[in-house]
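Working notes, structure below.
The values are calculated or read from the model by the stated rules, or taken from the named source; none is laboratory data. Treat the numbers as computed from the prediction; the structure is a model and nothing was measured. Cβ placement follows ideal geometry from the backbone for every residue including glycine, while neighbour counts extend to all protein chains displayed.
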Amino acid sequence: MRHGDKINNLGRKKAHRDALLANLASQLIVHKRIVTTLAKAKALRTYAEPLLTKTKKATNETEIMHQHRIVFSHLQDKVAVKELFTVVAPKIASRPGGYTRIIKLGIRPGDNAEKAMIELVDFNEIYGKSAQTAEAATKRTRRGRSSGAKKAETPAAQPAVTDAEVIEETKTEKAPE
């Protein structure tokens, strides 16, 4: 019986499972998003989020080095650890938790496995704060200019709007929130 056994073994022994999750976590840190099966993505979330939290705990130099060593003992990848502490840590410093997002992608045709994309929340340009500010900066309004600016311009000086600009404008208006 498996009463209280909450770990998903993913059909692997412990050493194989640890190696799999370490590889997935290092690739998630380096690439900021990966596509895998839904079961592996859920198991990766529980493996990677404590590692991401460890980057925020350090205050002085000795604690930072200690956290580097702890994270390296889990990941065994120098490139991923460096990326985690130099690029990822400053972006997630203000976030209290929930560093990853899992998006379901449907089924894989070969074996009918559910696919999912797991990504770091702060590095997504579509849903993040940087996307909202960029969208606000490029968003055009249909309202005219102030009355002083209208008098200065002649109608012939205004450029014609092309079909491509209209299509692009409607795409930005329908962007997901």
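Of all residues in segment 55-70, which are of a type in the set (A, V, I, L, M) and within 22 Å of the chain's Cα centre (by Cα)?
If the condition is that a residue be of a type in the set (A, V, I, L, M) and within 22 Å of the chain's Cα centre (by Cα), then no residue fits.
Checking the condition basic (Lys, Arg) and at pLDDT below 95, which residue from LYS40, LYS57 passes?
The match here is LYS57.
Considering each of THR62, THR86, THR53 in turn, give the residue that is in a helix (DSSP H, G or I) and over 30 Å from GLU125 (Cβ atoms).
Among THR62, THR86, THR53, only THR62 is in a helix (DSSP H, G or I) and over 30 Å from GLU125 (Cβ atoms).
When both residues are 6+ apart or on different chains and their Cβ atoms are under 9 Å apart, which pairs have a first residue that lies in segment 1-26 and is in contact (Cβ under 8 Å) with a residue 40 or more places away in the chain, and a second that is of a type in the set (Ser, Thr, Tyr) and assigned to a helix (DSSP H, G or I)?
From segment 1-26, the pairs are ALA22/TYR47; ALA25/TYR47.
Is it the case that ALA22 is surrounded by 15 or more Cβ atoms within 10 Å (Cβ to Cβ), small (Gly, Ala, Ser) and more than 26 Å from ASN112 (Cβ to Cβ)?
yes
State which residue is nearest to SER26 (Cα to Cα) when the search covers only segment 89-116 and only residues that are part of a strand (DSSP E or B) and of a type in the set (Gly, Ala, Ser).
Checking each candidate, the answer is ALA116.
Could you say whether any residue in segment 51-70 is more than 14 Å from GLU119 (Cβ to Cβ), of a type in the set (Lys, Arg) and surrounded by 14 or more Cβ atoms within 10 Å (Cβ to Cβ)?
The answer is yes; a qualifying residue exists.
For segment 75-97, state whether one or more residues are under 9 Å from the mean Cα position of the chain (by Cα) and surrounded by 11 or more Cβ atoms within 10 Å (Cβ to Cβ).
Taking every residue of segment 75-97 in turn, none turns out to be under 9 Å from the mean Cα position of the chain (by Cα) and surrounded by 11 or more Cβ atoms within 10 Å (Cβ to Cβ).
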